[in-house]
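Heads up: the structure comes next, in structure tokens.
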Amino acid sequence: DFLTECLFPSPTRPYELPWEQKTIWAIIFGVMLFVAIAGNSIVLWIVTGHRSMRTATNYFLLNLSIADLLMSSLNCMFNFIFMLNSDWPFGTIYCTINNFMANVTVSTSVFTLVAISFDRYIAIVHPLKRRTSRRKVRIILALIWLLSCILSAPCLLYSNTMTKRYYNGKQRTVCYMLWPDGRYPTSILDYCYNIIILVITYGIPMVVMLICYSLMGRVLWGSRSIGETTERQMESMKSKRKVVRMFIAIVSIFAICWLPYHLFFIYAYHNNQVTSAKYVQHMYLGFYWLAMSNAMVNPIIYYWMNKRFRLYFQKIICCCWHKSSSKLNSPRSRLTLNKNSSNNLTRVERKPYWKRSTIETQIQVANSSLRDRQSNHLGTTCNLIRHDSAPEKHRTDSEGSPLCISIHNGIERQKVKIKYISCDEDNNPIES
């Protein structure tokens, strides 16, 4: 394949990077792999270890992190060793696994992004339609993995290894795709398969997601409500905008990271001389690093743009940083690990459906005559949600939207601000 031609352009001696360049590339890839594996592992812990985070949308993010984690640990790491040493020491079996997992993880990632765009599109553009349940999400994710495996099946059939011996006595083993009509650059099947992969896992998904997010943007930023907008509606709109911004950032980073890699391969197929260029190995390593770094960026986006993920990231980072401490001191986190005071124990992990709230009540009393006229038949009761009650039958904003079940009592203005931990991005309480 193309990588083999880059690493083994000469029949007289194997190509090998100087040790200085090896060291630089090892540091660059090492940092990327560490951040990708650690970040996506934390995302797995956040979603699977905390029931309040097990929303339908977070299941999609969990699947995306699983694909990125597998790509980083089972594919990128071994490919980098191959490119660094110009030798494949892992045998034919893992050559097959490596090629198969490369296509499976990339396909799963992009198909998951498409599923997220459809889920957000239905929730925002068609809010009256039935929401995607967690059971349906699991079925969708299973179908995504099945489709990705089918699309990657040729890698199981045609992956192979070959040992090259050189005039200077050295030998190198390569991992490549051997099709029935040969291999790169003469194989037509290899060219057609890579074009199909490009169209299905990049071209079509990018167009679909562009359309979905354009329609969502028109609803969230381009439309205006008819009549007066309540504060709760405004807070709900802000929450949805934040979620959509995060997914737009994820899709944009994916497109930017993978575009140079795909364009480089298309150019190389139509210009075979590029494989013998002086700096082609560094070009390929750079484009490959950029594509693989997408797995590193996603957890950073979650931390930056999602408040709940940020709280849990801070929690695990602080716990790792202060192993001897039994108390988490985070200036932005409401979560505490103080075991000496039972009153301060968090309900997020032991009772994820309980809310931890702050009530800010501001009452402006209307004219006493107006209150007297209305008190006889309307009453003066405002039923507030209790501080320690479960939010199973009420909707609120995950960022802190107003919620008050009240009987009109002649009071001119009353605001109750309750912040829930166990509500999803569409202001729905988490169901058991």
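Taken together, the values in this text are just the output of simple stated rules run on the coordinates, not laboratory data. Being a predicted model, the structure only gives us computed values, none of them experimental. Here Cβ is always computed from backbone atoms with ideal geometry, including for glycine, and neighbour counts include all displayed protein chains.
Over segment 2-317, what relative contact order in percent results from Cα pairs under 8 Å that are six or more residues apart? Numbers along the way, then the final one.
Details: 322 pairs, mean separation 80.1, N = 316.
Reported relative contact order: 25 percent.
In whole percent, what relative contact order does segment 141-259 give with Cα contacts below 8 Å and a gap of six or more residues?
Over segment 141-259, the number comes to 14 percent.
Strictly over 23 Å apart at the Cα level, which of 238/307; 136/240; 129/238; 129/242; 129/307; 22/170 would you flag in this model? Can you show the working numbers first?
On the way: 238/307 13 Å; 136/240 21 Å; 129/238 21 Å; 129/242 21 Å; 129/307 27 Å; 22/170 19 Å.
The answer is 129/307.
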- prompt: Summing Lys, Arg as +1 and Asp, Glu as -1, what charge do residues with Cβ under 14 Å from the Cβ of residue 43 carry, residue 43 excluded?
  reply: +3
